[in-house]
Amino acid sequence: MVKQIQIKTTDHRPQTTDQKKSVFGLRSLVFGSLVLWFFSSLVLLLFVPLANATDFTPIWSVNTTQLMVALSFDDGPKPEATEPILDILDRYGVRATFFVVGRECSLYPDLLFRIADAGHEIGSHTYAHRTLTEKNALEELSKTNQIIKEITGSPPNFLRAPGGKYSSKVREIAESLGLRLVNWTVNGSDYVRLSSWFELPDDYASLADEIIKEVDQEIRPGAILLFHKSPQTILALPRIIKNIQAKGYKMMTISQLLKEEGTERE
Ligand SMILES: [Zn+2]
């Protein structure tokens with residue numbers, strides 16, 4: 001090796017056949033390595049982003065024929081809503097996914113901790129519940145990831161964009177922060193006429209009945225159910241859970257449901 005370097009840099013005398021062979025061998029090695037590097041870079045460039053794009057396709061439902069669904073609750077944590085929701089879920093032994101707002105998590109860290117500690121899954125629902133744009137997404141999402149990690153010990157894996165609105169650029173930013181977008185299959189529409197907690201509408205009970213009916217009609221294997229934190233959600237929730245269980249469905253977090261992707265009914 002030392003000899004070859006000397007030949008290249010200082011020795012200009014005619015080379016022997018052996019010396020020519022070793023220089024040729026070195027060139028082949030360098031050329032071969034360059035070709036290998038070029039093709040492996042090409043493979044990485046072409047296939048890695050493709051694989052990521054597939055992984056991060058927004059989830060509307062999970063493809064399974066098993067009687068399994070995921071309940072999800074947006075916009076908390078708020079003591080007046082999240083506490084009774086947690087009590088009801090606990091009473092029926094159900095685990096769900098909570099898409100939380102970073103600002104609310106800072107206000108009620110103990111409540112966020114209680115959600116995670118009870119075995120529920122935490123997803124991000126941005127910091128200030130603003131519609132995500134190319135300009136605000138990085139701040140809204142990274143700040144929320146950090147708050148959730150500080151309080152629960154782990155950053156979220158899922159993002160539900162407020163109003164389900166996002167551009168491809170927002171999706172890219174979310175992906176770069178390890179967040180997979182999750183939408184929903186069944187919308188309980190429990191935000192309709194979202195009432196003040198101190199002035200419940202007269203038809204509050206019938207609003208709860210409408211949510212129950214909607215879920216009953218739309219539920220199917222692999223569905224992700226969307227709820228919020230209104231009084232009618234809490235009134236409806238025990239009956240929703242009982243109806244779902246009566247149909248033979250199991251309820252679980254979105255991560256658990258995703259593990260069932262592609263499985264057939266037993
Ligand atoms: Zn929301």
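The values are calculated or read from the model by the stated rules, or taken from the named source; none is laboratory data. All figures in this text were calculated on a predicted structure; none of them were measured in a lab. Note that we place each Cβ from the backbone using ideal geometry, even for glycine, and neighbour counts take in every protein chain shown.
Test Gly188 against the criterion of being in the same structural domain as Ile115 (by TED's automatic domain parsing) and closer than 20 Å to Thr57 by Cα, and give yes or no. So Gly188 does not fit the description; no. Going by what's in this entry, would Val215 be described as without any contact (Cβ under 8 Å) to a residue 60 or more places away in the chain and either more than 16 Å from the ligand (Cβ to nearest atom) or among the β-branched types (Val, Ile, Thr) (or both)? Yes, satisfied.
Does Thr82 satisfy the criteria of being touching a residue at least 60 places away in the same chain (Cβ under 8 Å) and away from the ligand (no atom under 16 Å from the Cβ)? When the stated conditions are applied, Thr82 does not pass them. Listed conditions (1) modelled with pLDDT of 95 or more; (2) surrounded by 15 or more Cβ atoms within 10 Å (Cβ to Cβ) are all met by Tyr166, apart from (1). Only helices (runs of 4 or more DSSP H) whose full extent lies in the stretch 67-139 are considered here, and the ones with at least 3 residues that are assigned by TED's automatic domain parsing to the domain that holds Gly153 and of a type in the set (A, V, I, L, M, F, W, C) are 79-92, 109-117.
Looking only at residues in the stretch 203-222 that are surrounded by 14 or more Cβ atoms within 10 Å (Cβ to Cβ) and of a type in the set (A, V, I, L, M), the one that is farthest from Asn243 (Cα to Cα) is Leu207. Before we move on, is Thr253 within 16 Å of the ligand (Cβ to nearest atom) and in contact with a strand residue (DSSP E or B) (Cβ under 9 Å, 6 or more places away or on another chain)? Judged against the criteria, Thr253 is not a match. What pairs can you find where one residue is in the stretch 129-142 and closer than 11 Å to Pro162 by Cα, the other is among the acidic types (Asp, Glu) and assigned to a loop (DSSP other than H, G, I, E, B), and their Cβ atoms are less than 8 Å apart, with a gap of 6+ or different chains? Hits for this filter: His129/Asp75. The residue of the stretch 221-249 that is nearest to the ligand (Cβ to nearest atom), among those that are under 25 Å from the mean Cα position of the chain (by Cα) and not hydrophobic (A, V, I, L, M, F, W, C), is His228.
Within the stretch 122-163, take every residue that is among the hydroxyl-bearing types (Ser, Thr, Tyr) and either modelled with pLDDT under 95 or under 23 Å from Pro109 (Cα atoms) (or both) and give me the one that is surrounded by the most Cβ atoms within 10 Å (Cβ to Cβ). Checked the stretch 122-163; the qualifying residue surrounded by the most Cβ atoms within 10 Å (Cβ to Cβ) is Ser124.
Of the residues making up the stretch 158-175, those that are in contact (Cβ under 8 Å) with a residue 24 or more places away in the chain and away from the ligand (no atom under 16 Å from the Cβ) are Ser167, Lys169, Arg171, Ile173, Glu175. Taken over the stretch 140-157, residues that are within 16 Å of the ligand (Cβ to nearest atom) and outside any helix (DSSP H, G or I) amount to 1.
Each residue in the stretch 84-103 was checked for being touching an Asp or Glu at 6+ places or on another chain (Cβ under 8 Å) and farther than 19 Å from Gln256 by Cα, and 2 pass.
Only one residue in Arg220, Arg265 is assigned to a loop (DSSP other than H, G, I, E, B), outside the structural domain of Ala81 (by TED's automatic domain parsing) and more than 20 Å from Glu121 (Cα to Cα), so which one is that? Going through Arg220, Arg265 in turn, just one is assigned to a loop (DSSP other than H, G, I, E, B), outside the structural domain of Ala81 (by TED's automatic domain parsing) and more than 20 Å from Glu121 (Cα to Cα): Arg265. Residues of the stretch 204-213 include at least one that is in a helix (DSSP H, G or I) and closer than 15 Å to Leu71 by Cβ.
Among the residues of the stretch 80-89, which ones are modelled with pLDDT of 95 or more and either more than 26 Å from Ile59 (Cα to Cα) or hydrophobic (A, V, I, L, M, F, W, C) (or both)? Outline the logic, then answer.
Here is the first cut: in the stretch 80-89, the residues modelled with pLDDT of 95 or more are 82-89.
Glu83, Pro84, Ile85, Leu86, Asp87, Ile88, Leu89 - these are the residues of the stretch 80-89 that are modelled with pLDDT of 95 or more and either more than 26 Å from Ile59 (Cα to Cα) or hydrophobic (A, V, I, L, M, F, W, C) (or both).
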